[in-house]
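S.K.: Got a structure here, written out as structure tokens. Questions coming.
Just so it is clear, none of the values below were taken in a lab; they were calculated from the coordinates. Values in this document were obtained by computation on a predicted structure and should not be read as measured data. All Cβ positions, glycine included, derive from the backbone under ideal geometry; neighbour counts span all protein chains shown.
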Amino acid sequence: MIQNLKQSLIVSVWFVFLTFPLMVVRVNTMDQVVIWRWMNMVWVAIGSFILSYLWRYMLARQQVRKKVADEGVEIRSRTQLLLEDMSFRYKAMGIILLAALVFPLVFDTYQSTIMISALIYVVLGLGLNISVGLAGLLDLGYVAFFGVGAYSYALLNHHFDLGFWITLPIGGILGCLFGIVLGFPILRLRGDYLAIVTLGFGMIFKVVMENWDGLSFGPSGIANIDKPSFFGMDLSLANSTIYIYYIMIALVIFTILVTNRLKNSRIGRAWIAMREDEIACVAMGIDIARTKLSAYALGAFWAGMVGVLFASKTTFINPASFTFMESAIILSIVVLGGMGSILGVIIGAFFLILLPEYMRAFSEYRMLAFGAAMVLMMIFRPQGIISNLRQTYEYKGSKDKINNG
Amino acid sequence: MKKMTVLISTLALVLSMSVTGFAADTIKLGVAGPHSGDLAPYGIPAMKAAQLVVKQINAKGGILGKQVELLIQDDQCKPEIATNTATKLVTDGAHVVLGHICSGATKAALGIYKDAKIPVMSPSATNPPLTQSGDYPNFFRTIASDDMQAKMAVEFAINKLGVKKVAVLHDKGDYGKGFADFAKKYLDESGKVEVVLFEGVTPGAMDYSSIVQKVRKNKAEALVFGGYHPEASKLVSQMSRKRLKTIFISDDGVKDDSFLKVAGDAANGSYVTGPRDLSSIPLNSAATAEFKAEYGAEPGAFFQEGYSAALALLTAIEKAGSTDYDAVTKVLRSEYVETPVGKIKFDSKGDAEGVGFSVYKVENGAFTELK
Amino acid sequence: MAENKHKLLEVKGLTMDFGGLRAVDSVTLEVHEGDIAALIGPNGAGKTTFFNCITGIYDPTKGDILLHPKGLKTRRLNGLKPNKVTEMGLARTFQNIRLFPDMTVLENVMIGRHCRTKSGIFRAVVRGKRVREEERQIVESSYQLLEKVGLADFANEFSKNLPYGAQRRLEIARAMATDPFLLLLDEPAAGMNPQETADLEQLICKISAEEQIAILLIEHDMKLVMNISDPIYVMEYGKKIAEGNPQEIKDNPKVIEAYLGEETDA
Amino acid sequence: MEYFLELFFGGLTRGSIYALIALGYTMVYGIIQLINFAHGEIYMIGAFVALIVAGVCTIYGLSGVSILILAGIIAVIYACAYGYTLEKVAYRPLRGAPRLSPLISAIGMSIFLQNYVLLAQTSDFLPFPRLIPDFLFMEPVAHIIGSPELVILITTFITMILLTLLIKKTKVGKAMRATQQDMNMARLVGVNVDRIISLTFVIGSALAAIGGVLVASYIGQVNFYIGFLAGVKAFTAAVLGGIGSIPGAVLGGLILGWAESFAAGYISSDYEDVFTFGLLVLILILRPAGLLGKSHKQKV
């Protein structure tokens, strides 16, 4: 008790010291004024005191869990058990689908627009989940593929008047091709190098789009991109929003379906095995280069595809939309939702995109909270909000067979 | 997941109801711009200007007997967020919109307003195609466009400074590169000047010494820079460090006190273009005084333009006698209005007649207008 | 030594240098059909490096590794990627267990089937009849392998939750899933208690007898080696110092010297 | 020729700053194989603290080089404190976790620290007082290499010599090298590994802070975002030279500085960052372990 108190006091004093210059002093070197914000010091002191208790408690809980896990006993939370219950799953899916379908009819255009944004991030998250969550390839330049998709629609639409529906697969395929082209040099790289090189790719994409005027119209971007056409009809804002919303719902369902099937296939297992242990994986006869490329390219595919939709939704794009921060947000969706878990990523996307949208007052603190959440999640709940459900296989009757045979 | 959806939908319901709930008879002025994030300093002054204008008008009993209600939305200057913001304003029933601040965000949002027949007036989006392309009949602005600014800077360099070799640099951004492109175009067209260098610098790069040396090597007499003040101060500081005497000419994004303070002595002798000096206009000093009384600080960037835009929009509604799109735009195009940026009217494309630029020289740490 | 059994693996003068260090020094070794061969030697003798050379993880500096699959033409393994080596029919386990901890026991074995199956991305998405049939076969054969090593009851547990001995057996099952004709086991009995070791001994004999898989194992447990292995190769400081049947090895003065002070009780 | 020299010294100055920051990356990586993504933010915090100290001092009437030294010292102290806390909060609990976890934690920390400074201070660029005086004797060559550059080069040089002495000659240095070679072995022979790791973070942070103060007084402005790009570039430099290798970090920093300077000077600065990352990819393809890195075989 005394020990804890002492520890927390030390922490509190330490953080007061640490945050003193930045939190308390505010120098305006322009107008030559210093503002002393002593109240902040009090907040820091109280806050860090309380947080240190929380921190210790959480760490202790973590230790206990680890111990139990080490003894071979598995803890499975109630949500997990619930999710493994198939009948519940079907019911829940039905309800959610229904809710998703009636959503734009019940709520106004703005709500639908926000929902479209969130759904775009769902697809992005699911795509990145393939390379980061399943295959364990940290990609910090994922937004580049998103940009490839967006620009391919914007340019094809601008120059050749190609429509949304033709460009949708083209965007995906172009994203995929870029994934393969960029994937080659990184095949030989270890995980950490991969992070910096992909980050570099992301930045290169932006710089090229800013400078290659002839291709991309430079930083002023491309405006007046067509919205998706509905049998050649001109839709009003409200109607076209609803239309895009339904396209997006279909795209999300398609993504979930495909990624889920991939995950539980021979390829998907190879991705996971590669993430778990590359050496053992290659010793099992799996071609690492091909597996890496396929994960990278398939992840890029979704970004390219949803990029097309993004361009058609905003009707204007410029390189400023494809920054590292965007990659970081997508990454935090995957991390917070639960790496490898499809449901987790979906929830993560809704959480991270909708929450700041509805809590505009706190939008300033958005990135601060993202950053902190990424750290805390890694420490206290590395499996994310929803941990990956394991695939179980039923195999009955083999015993009989062997007994008979 | 289910719980989550229920939670979110309830939340959404409550929020949407709380906004649309009292759709009582008010005139709704939407304000959109960056109010958080690193570009907030460009958006907040215009927002505060709108608040001041609305406060004043409401104190006098409003317009057409109705109170004016502000709908403020943050777009962080990002096109994708701006479309959401615009949709939000449209669904919340804004009659006119003051915004957006950044050209990119404005372009992304304009289509939505156009569909909804809402006049939009930006205090700061200077990108020429916004008006010149003719794509956006609902768009107006209280600031002159980049090409006018570039033309002014170029003419000044050629006629007043008499330079023969010019280097043109930009920050690879929407605004900066647009300005630089026009500057290069006008320089080339003049036939009297050689553009010896046309390049982008990387914002956030550690230093610009190579590019400064390159300017020296190309013997440029003047350097025209398109971009904002952080890069500009870095450039002039390094030029002075490297004892380079090339004349620095830049745009409105640089005409900011930060440039003077950050660059210090190095800024002296530079030229920047900016909206002409308005301190002689009584409405202007009144607005500034009002701001100082309310917030106890100097108003920031685009305060005057924002104030003017809010005033112009609301006055137009009053004169039109309704919030009807056609009526309001007709008034905006036909009748002059007194604002802090002068007595203005809008041309058929939406640019304000009567606003213009001047060239300022930095002397002893202050901008001095050159007449 | 000369027998008429078919020669499966032939290593000639294998040498592996790391910078200035010679970890394996011209080692020659043969494994024949039906053999349970053993490679023994003190710690640091270069046994695992030798394994890594054969399985393609390292590219040996000198020497030849020749594989003679029955009925197929001879292949030289030098410089081949590990996955190619596994495809040739040579599977291995690891000294420090390398399972896929966050996959289930069954999935671990199913990974072994990867190189023997071939449905691609497109097929996986469409999930046609052929893919479903292939999946069914993968599950079936993996399950049978689990039964063989006695882990069928744990099929849907995470492999990280298995007890140590069971993890070792799972590694063997996973390796067998690649349909090898030669299995390399790197210290399969390390860390096992006597009972587990006895079970393992049985398992190895069973694999050798029932599946017609030849085995080459690295092991420190002399009792196990002497019970089941023939021939035995002994390495010290990267060199092969002896080979022969258990009795010959026991009597070899060089071997006794090498082991003096280390595992005298062996 | 003069143009070449100008670019050469410009690149050298920039490269030496990269090298200072890269050292922090490389030392941390050498010991715990972690890319400390938040290292760039430590550099930024160093610069910011120096700005605050210098600002307060100037406003309260002090002036001259003494402020620079005082601001520098306090900045280093604070950067060390942040580095230490960073390791303790964000990385230590993750020791032994899968490799991706600390990396993501590091990215999270980087975003957090950036926004912490943004919210606690401002998003504006703040002017950093010009504290390095113009030396008269430098005037004839000022257009090639000025006084601030000279100060940067000398400071970096001295810092690196001190670092080398620390690592090569002191007991702590030996312990660090032992930990880098084999953490478990070091622990067995009685090295307090935890303390050595903390110390590595502290030293790395101090170097970054020195870099931050130097750059801030050279460029004359500070903002919350300067750490990101500097961090990425410095990390690129560390990888270029061979991450984990201390001379490699210095070499990588200088090469990167020169590459950027010459590319901007002789080709175009439009694609500055493309050159940087192109060079990185090229080197990683040709020499995956970097220029001076040891390509040690992975243990199986």
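S.K.: With 14 Å as the cut-off, how large is the P(r) tail for segment A:2-70, expressed as percent of Cα-Cα pairs?
M.R.: Roughly 67 percent, rounded to a whole number.
S.K.: Right, here's the next one. With θ set to phi - 60° and the Karplus curve 6.51 cos²θ - 1.76 cosθ + 1.60, what are the ³J(HN,Hα) couplings of segment B:240-256 in order, to the nearest whole Hz, using x for Gly and Pro?
M.R.: With coefficients 6.51, -1.76 and 1.60, one gets 6, 4, 8, 6, 9, 9, 3, 6, 9, 10, 9, 10, 5, x, 9, 6, 8 Hz.
S.K.: Using modelled amide H (1.01 Å from N, peptide plane; none on Pro or chain starts), what sits under 5 Å from the amide H of A:Val25, excluding residues fewer than 5 places away?
M.R.: It is A:Arg37, by chain and number.
S.K.: OK, next. Averaging the inverse of every distinct alpha carbon separation and then flipping it gives the Kirkwood radius. What is it for chain C, in angstrom units?
M.R.: 19.3 Å
S.K.: Would you compute, for the Cα atoms of segment A:307-398, the largest minus smallest coordinate along each principal axis and list the three values in descending order, in whole Å?
M.R.: 59, 33, 23
S.K.: Shifting gears a bit: Dividing the alpha-carbon Rg of segment B:282-366 by 2.2 N^0.38 Å yields what?
M.R.: Segment B:282-366 yields a ratio of 1.28.
S.K.: Could you work out the Rg to Rh ratio of segment C:42-97, with Rh taken as the Kirkwood radius (inverse of the mean 1/r over all Cα pairs)?
M.R.: With Rh from the inverse mean 1/r over Cα pairs, Rg/Rh is 0.99.
S.K.: Net charge near D:Gln221, counting Lys/Arg +1 and Asp/Glu -1 over other residues with Cβ under 15 Å of its Cβ?
M.R.: With Lys, Arg at +1 and Asp, Glu at -1, the neighbours total -4.
S.K.: On to the next question. Once phi is turned into θ = phi - 60°, what whole-Hz ³J(HN,Hα) does the Karplus curve with 6.51, -1.76 and 1.60 give for every residue of segment B:226-236, x standing for Gly and Pro?
M.R.: Once rounded to whole Hz, the list reads x, x, 10, 5, x, 5, 4, 5, 4, 5, 5.
S.K.: Based on the Cα coordinates of segment C:128-233, what is the per residue volume of their convex hull in Å³?
M.R.: Spread over its residues, the Cα hull of segment C:128-233 gives 109 Å³ apiece.
S.K.: Mind jotting down the distance between the C-alpha centroids of segment D:1-39 and segment D:45-69, whole Å?
M.R.: Comparing the Cα centres of segment D:45-69 and segment D:1-39, I get a distance of 25 Å.
S.K.: Still on this structure: Given H placed 1.01 Å from N in the peptide plane, which residues other than close sequence neighbours of D:Val222 have an amide H under 5 Å from its amide H?
M.R.: Those lying under 5 Å, H to H, from D:Val222 are D:Leu126, D:Phe128.
S.K.: Further, regarding this structure: Beyond 17 Å, what percent of the Cα pairs of segment B:175-219 remain?
M.R.: Summing the P(r) tail past 17 Å for segment B:175-219 gives 44 percent.
S.K.: Moving on to the next point. Using the Karplus equation 6.51 cos²θ - 1.76 cosθ + 1.60 (θ = phi - 60°), what ³J(HN,Hα) coupling, rounded to whole Hz, does each residue of segment A:334-342 give in order, writing x for Gly and Pro?
M.R.: Whole-Hz 3J(HN,Hα) from phi for segment A:334-342: 5, 5, 5, x, x, 4, x, 9, 5.
S.K.: Stokes-Einstein diffusion coefficient for segment A:83-156 at 20 °C in a medium of 1.002 mPa s, Rh from the Kirkwood formula over Cα pairs: what value in µm²/s?
M.R.: It comes out at roughly 142 µm²/s.
S.K.: Continuing with this model, one more query. Under 25 °C and 0.890 mPa s, how fast does chain A diffuse according to Stokes-Einstein, given a Kirkwood radius computed over C-alpha pairs? Answer in µm²/s, whole number.
M.R.: 103 µm²/s
S.K.: Quick one: B:His100, C:His68, B:His35, fewest Cβ neighbours within 10 Å first, how do they rank?
M.R.: C:His68, B:His35, B:His100
S.K.: Quick one, what does Rg over Rh come out to for segment C:45-186 if you take C-alpha atoms and the Kirkwood Rh?
M.R.: Result: Rg/Rh = 1.01.
S.K.: Also: If you take every DSSP beta bridge fully contained in segment C:111-266, what fraction is antiparallel? Give it as a percent rounded to 5.
M.R.: Here the antiparallel bridges make up roughly 50 percent for segment C:111-266.
S.K.: For the residue pair B:Lys343 and A:Asp85, what label-to-label distance in nm results when each label sits 7 Å from Cα along the Cα-to-beta-carbon direction?
M.R.: Roughly 7.8 nm, to one decimal.
S.K.: Pull up all non-local amide H partners of C:Ala242: gap of 5 or more, or a different chain, and H-to-H distance under 5 Å with H placed in the peptide plane.
M.R.: C:Val234
S.K.: If you don't mind, another one. With only alpha-carbon pairs counted, each pair once and no self-pairs, how large is the Kirkwood hydrodynamic radius of chain B in angstroms?
M.R.: Roughly 21.5 Å, rounded to one decimal.
S.K.: Tally the DSSP beta bridges in the protein assembly as shown and give the antiparallel ones as a percent, rounded to 5.
M.R.: Restricted to the protein assembly as shown, the bridges split so that about 50 percent are antiparallel.
S.K.: Based on alpha-carbon positions alone, could you give the equivalent ellipsoid semi-axes of segment D:1-144 from the gyration tensor, as √(5λ), descending, whole Å?
M.R.: Calculated on Cα positions only, the semi-axes equal 33, 22, 13 Å.
S.K.: A follow-up question, please. What 222 nm value per residue comes from the helices of the protein assembly as shown, counting each DSSP H run with n ≥ 4 as -39,500 (n - 2.57) and dividing by all residues, nearest 500 deg cm²/dmol?
M.R.: Per the formula, -18500 deg cm²/dmol.
S.K.: Also, quick follow-up: If you bin every alpha carbon distance in the protein assembly as shown into 10 Å steps from zero, what whole percent lands in each bin?
M.R.: Distribution as computed: 2, 8, 15, 19, 19, 15, 10, 6, 3, 1, 0, 0 percent.
S.K.: Mind listing P(r) for segment D:205-247? All alpha-carbon pairs, 5 Å bins, whole percents.
M.R.: 6, 19, 25, 26, 14, 9, 1
S.K.: Further question on the same structure: Stick to Cα atoms and the Kirkwood definition of Rh, then tell me Rg/Rh for chain D.
M.R.: With Rg and the Kirkwood Rh in hand, the quotient comes to 0.97.
S.K.: Now for a separate question. Give the average over all directions of the projected area of the C-alpha convex hull of segment C:102-178, one decimal, in nm².
M.R.: Seen from a random direction, the Cα hull of segment C:102-178 projects 4.9 nm² on average.
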